[in-house]
1. Could you work out the pair-distance distribution P(r) of segment B:426-485 from its alpha-carbon pairs, with 5 angstrom bin width and percents rounded to whole numbers?
2. For each pair in B:K380/B:K471; B:K20/B:K118; A:K134/A:K172; A:K354/A:K453; B:K84/B:K170; A:K181/A:K217, compute the distance between the two Cα atoms and list the pairs where it is over 22 Å.
3. A:K242: which aspartates and glutamates have alpha carbons under 15 Å from its alpha carbon, excluding same-chain residues fewer than 8 sequence positions away?
4. Please order A:I546, B:I61, B:I382 by the number of other Cβ within 10 Å, starting at the fewest.
5. May I ask you to compute the full-extension gain from B:E97 to B:S80, defined as 0.36 nm times their residue separation minus their alpha-carbon distance, rounded to one decimal in nm?
6. Cut-off 18 Å, label point 7 angstrom out along Cα-to-Cβ of B:E468: give me the residues of segment B:431-447 whose amide nitrogen falls inside.
7. Enumerate the residues in segment A:509-547 having an amide nitrogen under 16 Å from the point lying 7 Å beyond the Cα of A:S565 toward its Cβ.
8. Straight-line reach from A:K553: which lysines fall under 16 Å, measuring Cα to Cα and dropping same-chain residues less than 8 apart?
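Please treat every number below as a calculation from the coordinates, not as lab data. The shown structure was predicted, so the numbers you read here are calculated from the model rather than taken from an experiment. We place every Cβ from the backbone using ideal geometry, glycine too, and count neighbours over all the protein chains shown.
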Amino acid sequence: MSEEHYLELCDSPVQFENASSVNNVFFDEANKQVFAVRSGGATGVVVKGPDDKNSIAFRYECALKSLCFALIKQNRPVFSFQNGGQGGSEISQVCGEKNATVLGFCWTSWNEIVFITDQGVEFYQVLPDKRSLKLLKSHSINVNWYVYCPETSVILLSTTVQGNVLQPFAFKCGTMSKMSKFEIELPVVTKPAKIILSERDIAVATIYGQLYVMYLKHHSRTGNNPGAEVVLYHLQREGACKRSHILKLNTTGKFALNVVDNLVIVHHQSSQTSFMFDIKMKDTDSNLNIHQPVLPARSIHPYKIALTGPAAVGSQTPVPCELCILFLTFLLGSGYLWYLQVKLKPVVSLLQDKSKLMEFLLRRRDCKMVILSVCSQMLSRGDKGSLPVVAIVFDKLNQVYKEYLEAEQSYTMAVECGPSRGSTAHKRPVRTQAVIDQSDMYTHVLSLFTERKDVSHKFIIAVLMEYIRSLNQFQITVQHYLYELVIKTLVQHNLLYMLHQFLQYHVLSDSKPLACLLLSLESTYPPAHQLSLDMLKRLSTANDEIVEVLLSKQQVLGALRFIRSVGGHDNISARKFLDAARQTKDQMLFYTIFRFFEQRNQRLRGSPNFTPGEHCEEHVAYFKQAFGEQAFIKPVTL
Amino acid sequence: ALIEEVGIGTPGMATGMQEKQYTPSLLNFFIYNPKFGPREGEEEKKILFYHPSDVEKNEKIRNVGLCEAIVQFTRTFCPSKPAKSLHTQKNRQFFFEPEENFWIVMVVRNPMVEKPNKEGKPPTIEYQEEEILDTVYGAVLQQCYSMYKLFNGTFARAMEAGGVELLTQKLEKFFYRYLQTLHLQSCDLLDVFGGISFFPLDKMTYLKIQSFVNRVEESLSLIKYTAFLYNDQLIWSGLEQDDMRILYKYLTTSLFPRHSEPELAGRDSPLRPEVAGNLLHYGRFLTGPSNLKDPEAKFRFPKIFVNTDDSYEELHLIVYKAMSAAVCFMISASEELGREFCEQLDGLVGPQLTLLASDICEQYNINRRVSGPDKEPQFKFIYFNHMNLAEKSTIHMRKTASVSLTSVHPDLMKILGDIHADFVRVDEDEEIIVKAMTDYWVVGKKSDQRELYVILNQKNANLIEVNEEVKRLCATQFNNIFFLD
């Protein structure tokens, strides 16, 4: 049954002390670190992150009520702030009007901080040396609550009485920009004006590089509502925020949201299961962006904590980042911080539609080995009618592969052109795991597949040709080793006429190695000789090879005529040709060849004699013996 | 100018004092096995087939005996190469032993000219005994056997299955019709080659066809072999070369010409396109059921025999066509094929093949546009490659069921045949340039396994100019193959 769970917790959770009367626990979203503060910092602060091997611990003299964090790894000081400017030990700052309440603060970079009060936002630069803050910008607005997305430094402010008009602000390099506000459509409008939209139902996340505001829309139980849904608003730097996707949950209850690997994970508390949504996966039956879960809801794979046995998954708070925080306070009195991970292997067996599966996998981060194993699996079964599926899968892989190659190519070209023309520095395209190239396919899938004895050779060849077809369709140059695999398989099953036809239509592209491979087949399949020579001819860079092939066939005159037709006869080795002519034991042929080179000598050097460097003494002697002294061309004496 | 094409043995519409030209025609065609009637008085048993059948018994025996004697006699001079033909003033006989002790003999009457004499006197007949070529008619004879074998299997197998009785039945049935389709007057060098014309195609479209063939073979696993043709030209053959060669001959000279294109058919014609789902398709069976909707439709397909040297397979031949694309599906004859299978095939192949056919057509037109009409060869040539049997001719017009039309004078065609005969005699590459009677030059080139024949019509051209012209042709038309100049 463990194959059923497509979500799991990471292997090494961050463990920390339980929050209690003497202990405060904070989470730094920006750095993904947990702060355990004991006795207000007096007895110690322990900082732990999932990537940190060692936790940082330090003591803090003053009592902390609230804490914000900055680049702890670089051992920068921790700043504390209090409303009204009281008690800040390092730097203190008064912010807002007198009657304003500080709702919170966010670090937008290592030296920039934003304060949010119920009356507006204030953006400060931190000057550590002067131990002071410098106000960069502020904006007055009535705020109910706020949500911060550290990855994109965007703050969402809830305004108006119902709280459903959201005002986003973006922070970047000391600037604060107000983005266009937008309204969340509420399910029911209550008469008395009060806050309806709660911050618990709003999260901000980056999905496929785009910023989305996720709204957990609870439907009232009255009527025949299908259930709650998550509404995604696409937040653009410029332009209005648009409702872009609706994720159907088809159930009601308490939910929590995560975004993992660009997938929206919705945890349902009462059923202890999680839904997974991929906003790029389109349902064929609707052109609206209404999404059903990719897979049936499943619980997270149970996690075993050493010493204590399986831990149940507790309630979760929505955390708008790639982390899932689970405070298992009821266990052992201590807490754990886990990453939530998507397991791709269970997805493979749960998602039957191979085309959908491939699209899904190609969008995941650690997909390569899973994709390759899906390919192997798909081929090994050899189900009837599986070729069209194989074709679709290959096309999907090669589309991603081609996009990467194109990006790489335009990058190389841009670099070669130099920075003079382009003002922006060129970014080298990132090769994600979804780029499955020919060598991956060869090594992990095709070379093993062609060795299989339980699959018909017809199917093997069909698959190889399908892969080559797909590569060609995307105009990707096919690597030699794939051709070699095709030829090897065809030769192994004695399908030489088939090979001949493929070559005739140039399905196997010309190359010197391929031509040489064909030459080696000549003994089993004589036409391979002609195919090879044709290929060398087309390459037009293989004239030497053609001469060698012809000489090896004792076609000395043919070789000479060929090299003359391409204008290379002044540079060829006379000895090589004379050797070959002698071997034919054809006296007249030898005479002809010898005479040709005598004439060449005459033309090039003004004398018919061979130079010592040509090492033709032996042939000169033979010529003299066979045809007599008088047969030599007489040197022209002036 | 006096020479005109006429039917077998019938004089042209000559009037008055004009000469009458008679083209070569079939006199006799017989098959015998000397072992079947070795004793005197039993000679008739040797004869398995005799055309024309109304010849008197003793004459049949006499003719067969003569052939037997000639073959026996000449064998003493060269045991490994028995006689192939016998030249006489009035006719020429061709001998062929396709299987041990089975001999096929074809007797062709030489072409002749009938010159009218003065009133009352009978016309003088001149036989042109040098006009016909051994290589051409020898090849025609071999083709007769190959075609018989394609549809009937070997003589030996028929003997095993049902003795002489079965064999003679089969021979009678096959050759009675086949000999009527032999048009000896229009046989030429192309019959010697028995080549296959390949459809020029870009790699991508070719791979699509591969993909199509593989998919169909996968989903209809009964299919053992597939061949794909477009515009009567071969693109893919799952059969071995020799079997494909004769099947190709059958398809292009017999089956295809009998079926007209459905696109040309009228609105109310039964050949209108099928509508399968939302896809219009033009697929139809050229063999087997002519109309699937007909409740009386017969699901019988012709049987063919392939790989007769080793595995000896008997197969159903299904030929299915959509627009200009034709596919042959070959299925073991032991399988029963009925309505269900045909409908399945029609539903699967029809729409796909229709799409593919329009793809090929589109691609072909693009390629033609790219290469441009200027590059269309101005030359008249025949090219043949022994390695893949690829043949290309700009001399021959479309081959029809009845007659092959050439655009050059028969005298020139004969020169081509003569040059070929010279090439056969030697192993090495060579080139022959002939100045014909008129302003024509005929050039034959042989390089490795390839032969090229070019006919040039240039007034006052000299040998060097002709040579240059041919070089230019090779450089433009054959630049992608290794062709020694």
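1. 4, 18, 30, 24, 15, 7, 2
2. A:K354/A:K453; B:K84/B:K170
3. A:E183, A:E185
4. Taking fewest neighbouring Cβ atoms as first place, the list is B:I61, A:I546, B:I382.
5. On the way: separation 17, 0.36 × 17 = 6.12 nm, distance 1.23 nm.
The span from B:E97 to B:S80 would gain 4.9 nm if fully extended.
6. Backbone N within reach: B:441-443.
7. A:530-547
8. Within the straight-line limit of under 16 Å, A:K553 reaches these lysines: A:K576, A:K585.
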